[in-house]
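**Student:** Here it is, the structure in full.
The values are calculated or read from the model by the stated rules, or taken from the named source; none is laboratory data. Predicted model only: the values in this text are computed from it and were never measured. Every residue, glycine as well, gets a Cβ built from its backbone with ideal geometry; the counts of neighbours run over all protein chains shown. Surface accessibility is based on the protein's heavy atoms, side chains included, excluding ligands, DNA and RNA. Shrake-Rupley method; radii C 1.70, N 1.55, O 1.52, S 1.80 Å.
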Amino acid sequence: FTKMHGLGNDFVVVDCRGSDPGAWPARAPRLAQRRLGVGCDQVLLVYPSDVADFRMDIYNADGSRAEMCGNGVRCVARFLRDRGVGAEALRFETLAGLVTTRHRGDRVEVDLGPPELEGRRVPVDRDGAVREFPLALPGGDLPVTCVSMGNPHAVTFVADVEAYPVAEVGPRVETHPFFPRRTNVEFVQVLAPDRLRMRVWERGAGLTAACGTGAAAAAVAAAWTGRARREVTVVLDGGPLEVSWDEATNRVSITGPAVTTFEGIWPG
């Protein structure tokens, strides 16, 4: 395996192009344990693909599947380039569809495609756009704006994200019946029209240092609700990520680092 991270959102990358040990729903949580395993937010598996350059499968720390991971696909692109595999631009097959990466010096850009704003397709239990929807929670309603970037996100804007009880509210939103597949939850403070501060509760992983698709969803929600521009820097616990929502093409891209920390062999 190779241990990597994108802004502290950390991964165990396993190259399955030659052989696949399988049993990943049970194996991934053991790998992800930080005291008894390797430790990570997600396990990323690299396979051959008939429709793209490679296929990336994603398992959360709890063993559930994820459709897409923006920080993860950047890391897999760097993983492959470091091994002399593929071109500067690569296409990946994911459960969310095809995703393109391109190396930009020491950073990697990901074209995530257009955001999905139709409620049932996010998915949420509501027709039409879900913008500033009052989600009923103990203690009062929480306004959420729902976006899919290949995986579901619920974005809420707060006055002070550092003081906000993310670890308390995040799991309540993630598992709320309004979200049939659960959801990632982004807590966002607008610092300036081109700068957002975000903390994230990831579906199946909990509180993480960064989330690439979450940063994209936050940027889309901020522009959609008139709070920010379409090109912003999203500052996560692990550092800044550049996000652009192109008005002409409706496509969202994120650009940030991908870092290898160590390699090893796990016997479990």
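**Student:** Gain in length, residue 192 to residue 136, computed as 0.36 nm per residue apart minus the alpha-carbon separation, to one decimal in nm?
**Tutor:** Length gained between residue 192 and residue 136: 17.3 nm.
**Student:** What figure in square angstrom, to the nearest 10, would you give for the accessible area of residue 47 with a 1.4 Å probe?
**Tutor:** So the heavy atoms of residue 47 present about 20 Å² to solvent.
**Student:** Please work out how much accessible surface residue 194 shows to a 1.4 Å probe, ignoring ligands, DNA and RNA, in Å² rounded to 10.
**Tutor:** 70
**Student:** Which distance in Å, rounded to a whole number, links the C-alpha centroids of the range 173-220 and the range 96-146?
**Tutor:** What the calculation gives is 9 Å, centre to centre.
**Student:** Taking the Cβ of residue 159 as the centre, find all other residues whose Cβ is under 14 Å away and add up their charges (Lys, Arg: +1; Asp, Glu: -1).
**Tutor:** So the surrounding residues net to +1.
**Student:** At 1.4 Å probe size, with no ligands or nucleic acids counted, give the accessible surface of residue 195 in Å², nearest ten.
**Tutor:** The accessible area comes out at roughly 100 Å².
**Student:** Another question, then. Calculate what fraction, in whole %, of the accessible area of the chain sits on carbon and sulfur atoms when a 1.4 Å probe is rolled over the protein chains.
**Tutor:** Heavy-atom surface of the chain belonging to carbon and sulfur, 1.4 Å probe: 47 percent.
**Student:** To continue, here is another question. Just reorder 202, 109 by solvent-accessible area, largest first, 1.4 Å probe, all chains present.
**Tutor:** Putting 202, 109 in descending order of accessible area: 109, 202.
**Student:** Can you sort 65, 35 by 1.4 Å-probe accessible area, starting with the largest?
**Tutor:** Sorted by accessible area, descending: 35, 65.
**Student:** Decide, for the range 7-160, between rounded, prolate and oblate: order the square roots of the alpha carbon gyration tensor eigenvalues as a ≥ b ≥ c, take rounded if a/c falls under 1.5, and otherwise choose prolate if a/b is larger than b/c, else oblate.
**Tutor:** Because a/c hits 1.5 or more and a/b exceeds b/c, the range 7-160 counts as prolate.
**Student:** Now for a separate question. State the extension gain, in nm to one decimal, for the chain segment bounded by residue 251 and residue 266, taking 0.36 nm per residue of separation less the distance between their alpha-carbons.
**Tutor:** 1.5 nm
**Student:** What does the accessible area per residue of the chain come to in Å², with a 1.4 Å probe and no ligands, DNA or RNA counted?
**Tutor:** About 41 Å² of surface per residue is accessible.
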